[in-house]
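Colleague: Have a look at this one before I ask anything.
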Amino acid sequence: MTERSAPSPSAKAGQKSEVRRRDGAGHLDPAYAARLREQSGKSEDSDRAFVDASSSEDDLSEQLGQEFIANATSGEDQTNERFQARLVEEDGGPFVETDGATEFADDVDASNPVDATREPIPKA
C-alpha cells in the first residue's frame, strides 16, 4: 500500500468542502436526510396501505394483500390456486337475454332506406 500525503493548503482552497452523506456503516447523516425530506415535499401516495382501512385504491396492492392473508391464514401457498380459478370472463361473462323483436329491425331507418336496392348476395 502506498501512503497518500495530505493535500496542500493551496489545493484545499480551490476544492469544495466534502459533503458528508453517510457514516462508516452506510447510514444516512441525519442532517442530510432531513434536507432531502425537505426538498422532496409531501408524497401523495400513502405508505400506510391496509393500516387505515381494510382496502386500498391500488388494485395490485389489494390483490397482493389478499394473497398474503390467504397464505398466512392457511399455511399454504394459495397463489397457484388463485391463478387456476375460473373467472366469469372465461365463460363469456354475463349475458342479457332479449327477444328477436328487440334485436332485429323491422322498420326503416338511416341504414335501411326505403328506396335501397336489395342485393342478391350480401357484399358487406
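Colleague: Of everything in region 69-124 that's more than 24 Å from Ser55 (Cβ to Cβ) and among the hydroxyl-bearing types (Ser, Thr, Tyr), which residue is surrounded by the fewest Cβ atoms within 10 Å (Cβ to Cβ)?
Modeller: Filtering first and then ranking leaves Thr117.
Colleague: Does at least one position in region 52-63 carry a residue that is modelled with pLDDT under 80 and of a type in the set (A, V, I, L, M, F, W, C)?
Modeller: Checking region 52-63: at least one residue is modelled with pLDDT under 80 and of a type in the set (A, V, I, L, M, F, W, C).
Colleague: Further question on the same structure: Quick one: would you say Glu44 is among the acidic types (Asp, Glu) and either modelled with pLDDT of 70 or more or at positive phi (or both)?
Modeller: Spelling it out, it is not the case that Glu44 is among the acidic types (Asp, Glu) and either modelled with pLDDT of 70 or more or at positive phi (or both).
Colleague: Which of the residues spanning region 18-33 are at pLDDT below 85 and among the acidic types (Asp, Glu)?
Modeller: Correct list: Glu18, Asp23.
The values are calculated or read from the model by the stated rules, or taken from the named source; none is laboratory data. Not measured: the values here are computed from a predicted model. Using ideal geometry, Cβ is built from the backbone for each residue, glycine included, and neighbour counts are taken over all protein chains shown.
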